[in-house]
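Visitor: Sending over a structure as structure tokens; questions will come in a sec.
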Amino acid sequence: MVIGHDWGSYLAGRFALWYPERLLGLVMMSVAYTPPSKVYVPLTDVVKLAPNYGYQLYFKDLKSSKQIPAHIDRFIDLIFGKPNKSLNFTPKGAMERILTDTQPLEVDTILDAETKAIYIRELGKGMHGPLNYYRTSQERHEEEKSMKRVRSCPLNPR
């Protein structure tokens, strides 16, 4: 059984595509299956088409690996905050601006204090590894182009 959420859904879908014989079940949450593309589309172009992915440009930038842990309490409040139009972190530049702002962050989080402390402790250890997902899209695309397609996989349109 493979379960994926957000970009984990992308990984789960690729696992099913390339290794169907190892799969008993598949769950993809929040992000639908996207078939392999023959053409690489840079994240900057994706953000032009979908401006709410602007935060991904920040995650791709190496400075985010240091800034997020330096502002981890604020980061956790932001991503686990209840919807707040004045704190929309999705457009290009917004995430970094909100994280590094010196003004208090007025947000109601959905986390209780104990759960928030766990996230702060664990994500505060470093974000470089997880954020590399956003930095390696072209490498993943090139690697995928070299993979042999599996015809027996129900996700493969061929």
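Visitor: Report, ordered by the first and then the second residue, all pairs with beta carbons closer than 9 Å, sequence separation of six or more or different chains, a first member in the range 33-44 that is hydrophobic (A, V, I, L, M, F, W, C), and a second member that is open to solvent by less than 50 Å² (accessible area, probe 1.4 Å).
Guide: Partner pairs satisfying both residue conditions: Val39/His141; Val41/Ser137; Val41/His141; Leu43/Gln56; Leu43/Leu57; Leu43/Tyr134; Leu43/Ser137.
Visitor: Could you run through the range 27-50 and say how many residues are modelled with pLDDT of 95 or more and either over 18 Å from Ser137 (Cβ atoms) or touching a Gly at 6+ places or on another chain (Cβ under 9 Å) (or both)?
Guide: The qualifying residues number 4.
Visitor: Within the range 12-37, can you find the residues that are open to solvent by less than 50 Å² (accessible area, probe 1.4 Å), under 11 Å from Val2 (Cβ atoms) and assigned to a loop (DSSP other than H, G, I, E, B)?
Guide: Leu23, Gly25, listed by residue number.
Visitor: Right, something else. Testing Thr102 on (1) within 24 Å of His128 (Cα to Cα); (2) open to solvent by 40 Å² or more (accessible area, probe 1.4 Å); (3) assigned to a helix (DSSP H, G or I), one condition comes back false. Which one is that?
Guide: The number of the failed condition is (3).
Visitor: Could you identify the single residue in Ile110, Ile72, Ile68 that is open to solvent by less than 70 Å² (accessible area, probe 1.4 Å) and over 30 Å from Glu144 (Cβ atoms)? Don't jump to the end; show me each part of the working.
Guide: Details: Ile110 fails: open to solvent by less than 70 Å² (accessible area, probe 1.4 Å); Ile68 fails: over 30 Å from Glu144 (Cβ atoms).
Selected residue: Ile72, the only one of Ile110, Ile72, Ile68 that is open to solvent by less than 70 Å² (accessible area, probe 1.4 Å) and over 30 Å from Glu144 (Cβ atoms).
The values are calculated or read from the model by the stated rules, or taken from the named source; none is laboratory data. Everything quoted here is computed from the prediction, not taken from an experiment. Here the Cβ is made from the backbone with ideal geometry for all residues, glycine too, and neighbour counts use every protein chain on show. To get the accessible areas, we keep the full protein, side chains included, count just its heavy atoms, and leave off ligands, DNA and RNA. Shrake-Rupley method; radii C 1.70, N 1.55, O 1.52, S 1.80 Å.
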